[in-house]
Structures are given as structure tokens and as C-alpha cells.
Amino acid sequence: MKVVFLGTSGSMPTPERGSSAIALIRGREVILFDCGEGAQRQMVAAHIGITRPKKIMVTHLHGDHVLGIPGLLQSMTLQGREDPLDIYGPVGTAAYVQAFTSTLGGPGFKVTIYEVQGPGVVYDSKEYRIEAVRADHSMEAWSYALVEYPRPGRFHPERARSLGVPEGFLWKRLQDGGGVDAGGRVVHPSEVMEPPRPGRKVVYSGDTRPSEGLAELAEGADLLIHEATFDEILVERAV
Ligand SMILES: [Zn+2]
């Protein structure tokens, strides 16, 4: 897993920093957390193919977190993307996407919007789930956690071969946790696989004041990405 900070500047981009956007690269999958202005240019600079993201997780609809989406979708279309794209975000995300696609022209691929209706699991698969909790911001905003399920341990083909299990569907059965018959003797997964590896947890706050819900969400996280626009010196302005 690799996390690339495409933009970390609050409110406005600076010469050194783009608006909020984070790319989480997990195996072959790229998930964007927010997509501020200039995110696609930063993706090019970071050698992340701009057509790769399958999901965009939007924390909230402040411009500095979402103004990169129209440009990114247009470039994806220009590059001939056909894969569907899922965008998760607060209520209003669908209207926002509708507003720019209806005026600029729709993307050449299917875009599905999932508006987060409440805290809890917003996406689930065999490999991981994404949970949302309310952030404490000046508009509806969500913090997200990507929580991986335990991953199977490493498979050792040479051990399987030496125990008389030929390559093919029997290997798959071992990898899926089942025992297989190899010439009258049962070979167990533990003989050819290492123990399962614990899943990882990455949490992204988006803009927020200190939040109890986020603290709970972040418990046990391997990585917490937390915004920090105002420190103690700026407390009056922050309030
Ligand atoms: Zn904001």
C-alpha cells in the first residue's frame, strides 16, 4: 500500500502545495480521497495513471476538496476510459456532478454517485471496507477509514510441489483455506501457507475540528491522515 499526498494546502493552493487530494494505491487499485484543483496534474507528476482511480471518496463539498473532479473526469474521457467510476460523498455530491456534466458534457463512462446517508460502512468487499463518521466542520463532512480484512499468508509453491500437490485448481483450494488430497494424504493449508497477515487501517479526517467520532474511528489505525489548518497560535481565527 502506498499513500501519495497530491495536495495538502488548506483553502487555496500555494506554489508548493496543491489543494486537498490523496491517492491511496492498494495493489492495482487507486482510491482518491478528495480531489482538489490540480489533483490530476499532481497525479501525472507522481506517475499515477489518471485513468486508474475506481473510487473517489469526497469528505465534503468545499471547493478546495472537489474542484479537481471536473478536470479529472474530462481527462479520463479524453484518454478513452471505459471503466465505471464510483464517487462517494455527502448529500449534494450528485447535484454537483450533475451540474458540471450537464454543462461541460458528460463523461464517456459510467459514473455512480453514492451519497453517504449516515455513519457506518459505505463500501464493502472481500478485501476491505470503507467506513464513514461525521466530521465536525462548517458543512456536512465525513471522515473515512479504509479497513482491510486479514490477508491470506504467503503461499509457497515449492512446498506444495514437494508434498505432491500439482499446480492448478488444488493450489487455489489450499489458498482458499481448504485441505486437498495428494495421493492418499491430506495436505493442509498451514503446510504450504504462512499464517494470515492482519489487515491494515488507513483513516482520513478531511477538514474537521477535534472530533470524538473520528478519534474512535482512528483507533488502531496504521495511518491517520489528519488535517491541521490551524494550530494553537491561530486558535482565535480558527474559532
Ligand atoms: Zn472545508
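The values are calculated or read from the model by the stated rules, or taken from the named source; none is laboratory data. Quick caveat: nothing in here was measured; it's all calculated off a predicted structure. So basically every Cβ, Gly included, is an ideal-geometry build from the backbone, and we count neighbours across all protein chains shown. Side chains are part of the model used for accessible areas, which takes the heavy atoms of the whole protein and leaves out ligands, DNA and RNA. Shrake-Rupley method; radii C 1.70, N 1.55, O 1.52, S 1.80 Å.
Within segment 207-219, is there a residue that is open to solvent by less than 90 Å² (accessible area, probe 1.4 Å) and free of Cβ contacts under 8 Å to residues at least 60 places away in the same chain? Yes, segment 207-219 has at least one match. Residues of segment 135-189 that are among the hydrophobic types (A, V, I, L, M, F, W, C) and either under 30 Å from Gly89 (Cα atoms) or within 16 Å of the ligand (Cβ to nearest atom) (or both): Ala135, Met139, Ala141, Trp142, Ala145, Leu146, Val147. Within segment 84-120, if we keep just the residues that are open to solvent by less than 70 Å² (accessible area, probe 1.4 Å) and charged (D, E, K, R), the residue that is nearest to Thr51 (Cα to Cα) turns out to be Asp86. Taking every residue in segment 135-157 that is open to solvent by 70 Å² or more (accessible area, probe 1.4 Å) and pairing it with any residue that is more than 16 Å from the ligand (Cβ to nearest atom), at least 6 positions away or on another chain, the pairs with Cβ-Cβ distances below 6 Å are Pro150/Pro196; Pro150/Pro198; Pro150/Gly199; Pro152/Pro196; Arg154/Glu194. When the residues of segment 220-235 are filtered to those that are without any contact (Cβ under 8 Å) to a residue 12 or more places away in the chain and within 16 Å of the ligand (Cβ to nearest atom), the one that is nearest to Met1 (Cα to Cα) is Ala228. When Val91 is tested against (1) part of a loop (DSSP other than H, G, I, E, B); (2) more than 30 Å from Thr208 (Cβ to Cβ); (3) among the aliphatic types (A, V, I, L, M), exactly one condition is not met: (2). If we scan segment 100-107, do we find a residue that is under 18 Å from Tyr144 (Cβ atoms) and in contact (Cβ under 8 Å) with a residue 12 or more places away in the chain? No - not one qualifying residue is present in segment 100-107. Among the residues of segment 190-207, just one is within 16 Å of the ligand (Cβ to nearest atom) and polar (S, T, N, Q), namely Ser205. Beta carbons closer than 8 Å, at least 6 apart along the sequence or on distinct chains, pair a first residue in segment 65-84 that is over 19 Å from Glu29 (Cα atoms) and within 16 Å of the ligand (Cβ to nearest atom) with a second that is open to solvent by less than 70 Å² (accessible area, probe 1.4 Å) and assigned to a helix (DSSP H, G or I) for Val66/Tyr96; Gly68/Ala39; Gly68/Gln40. Taken together, the residues in segment 1-45 that are touching a Gly at 6+ places or on another chain (Cβ under 6 Å), within 16 Å of the ligand (Cβ to nearest atom) and open to solvent by less than 50 Å² (accessible area, probe 1.4 Å) amount to 8. Looking only at segment 174-233, which residues are under 28 Å from Gly153 (Cβ atoms) and of a type in the set (S, T, N, Q)? Within segment 174-233, Gln175, Ser190 meet the criteria.
Here's the yes/no breakdown for (1) on the phi < 0 side of the Ramachandran plot; (2) out of contact with any Ser or Thr (no Cβ under 9 Å at 6 or more places or on another chain); (3) among the β-branched types (Val, Ile, Thr):
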site	(1), (2), (3)
Ile22	yes, no, yes
Ile25	yes, yes, yes
Leu32	yes, yes, no
Gln42	yes, yes, no
Ala45	yes, yes, no
Lys54	yes, yes, no
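What tally of residues in segment 221-239 results from selecting those that are under 25 Å from Gly18 (Cβ atoms), in a helix (DSSP H, G or I) and open to solvent by 100 Å² or more (accessible area, probe 1.4 Å)? Counting residues in segment 221-239 that are under 25 Å from Gly18 (Cβ atoms), in a helix (DSSP H, G or I) and open to solvent by 100 Å² or more (accessible area, probe 1.4 Å) gives 2.
Residues that are of a type in the set (D, E, K, R) and either modelled with pLDDT of 95 or more or touching a Lys or Arg at 6+ places or on another chain (Cβ under 9 Å) (or both) occur at least once in segment 163-173. Listed here are the strands (runs of 3 or more DSSP E) enclosed by segment 118-220 that have at least 2 residues being β-branched (Val, Ile, Thr): 120-124, 128-134, 185-187, 201-204. Summed over segment 49-73, the residues that are part of a helix (DSSP H, G or I) and open to solvent by 20 Å² or more (accessible area, probe 1.4 Å) give a count of 4.
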